[in-house]
1. Pairs of Cα atoms under 8 Å, at least six residues apart: use those to get the relative contact order of the stretch 1-70, whole percent.
2. Output ³J(HN,Hα) for the stretch 12-26: one whole-Hz value per residue in order, computed from phi by the Karplus curve 6.51 cos²θ - 1.76 cosθ + 1.60 with θ = phi - 60°, and x for Gly and Pro.
3. Under a crude label model (7 Å from the Cα following the beta-carbon direction), how far is residue 53 from residue 87 in nanometres?
4. With respect to the cross-link table entries 40/65; 67/134; 109/129; 30/109; 40/67, which display a Cα-Cα separation exceeding 20 Å?
5. Could you pull out the GluC sites (Glu not before Pro) across the stretch 1-102 that fall in loop regions by DSSP (anything but H, G, I, E, B) with no more than 11 other Cβ atoms inside 10 Å?
6. Describe numerically, in nm with one decimal, the distance between label points set 7 Å from Cα along Cα→Cβ at residue 78 and at residue 137.
7. Report the Cα-based extents of the stretch 1-145 along its three principal axes, largest first, to the nearest Å.
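A short reminder: the numbers here are calculations on the coordinates, not readings from a lab. It should be emphasised that the depicted structure is a prediction, and the values quoted were computed from it without experimental measurement. Every residue, glycine among them, receives a Cβ derived from its backbone with ideal geometry; neighbour counts consider all protein chains shown.
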Amino acid sequence: MDEVNSNETTQYLTFTINNETYALNVINVKEVQEFTTVSKVPRMPDFMRGIINLRGSVVPVVDLKMKFGLGSTEKDIDTSIIVTEVNLEEEMVTMGLLTDSVKEVIEMKEEEIEPTPYIGTKIDTAFIKGMGRKDDEFLIVLDIEKVLTVNEISMVASQEKKTDA
């Protein structure tokens, strides 16, 4: 029975930031949106680009490039928002992740994801689940629940609630 489980694959949505390929478990992905505009929200951290209206729901948008300290995402024809759901203290919080482009959905087995390499004590890699590989290309597999800190997710959730009221 364990042999059957070890052969199970998981689907990942791949996307790019600064020409690097990242992957996110599709179980956390609600949909992918073309990036048009976001409404700015005062007093939010820089990486919070603003909010979008998704069929009547307010969805905060996080610029992953800014969150990772890689600059700011510039709008072009491929720029996309991945709408995700994150579990925060038993409550699902919806947020958008701004990316340079969305590529494809791939399948990987758990054993194909290698542990995050040790980079040094000053670099926080807690949000990286591991390193995967598709063909000859490395993929950085994100743990979406750890990309933002609990305080940052709470800020997103409170912003979502304020604008719904």
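1. Values: 65 pairs, mean separation 13.8, N = 70.
Relative contact order for the stretch 1-70 comes out at 20 percent.
2. Per residue, the Karplus-derived 3J(HN,Hα) values read 10, 8, 9, 8, 10, 9, 6, 6, 9, 9, 10, 9, 9, 4, 5 Hz.
3. Result for the modelled spin labels: 3.3 nm.
4. 67/134; 30/109
5. Numbers: sites: 3, 8, 20, 31, 34, 74, 85, 89, 90, 91; in loops: 8, 74, 89, 90.
Passing both the DSSP loop test and the Cβ count: 8, 74, 89, 90.
6. Calculated label separation equals 0.8 nm.
7. Cα spread of the stretch 1-145 along its principal axes, largest to smallest: 51, 34, 34 Å.
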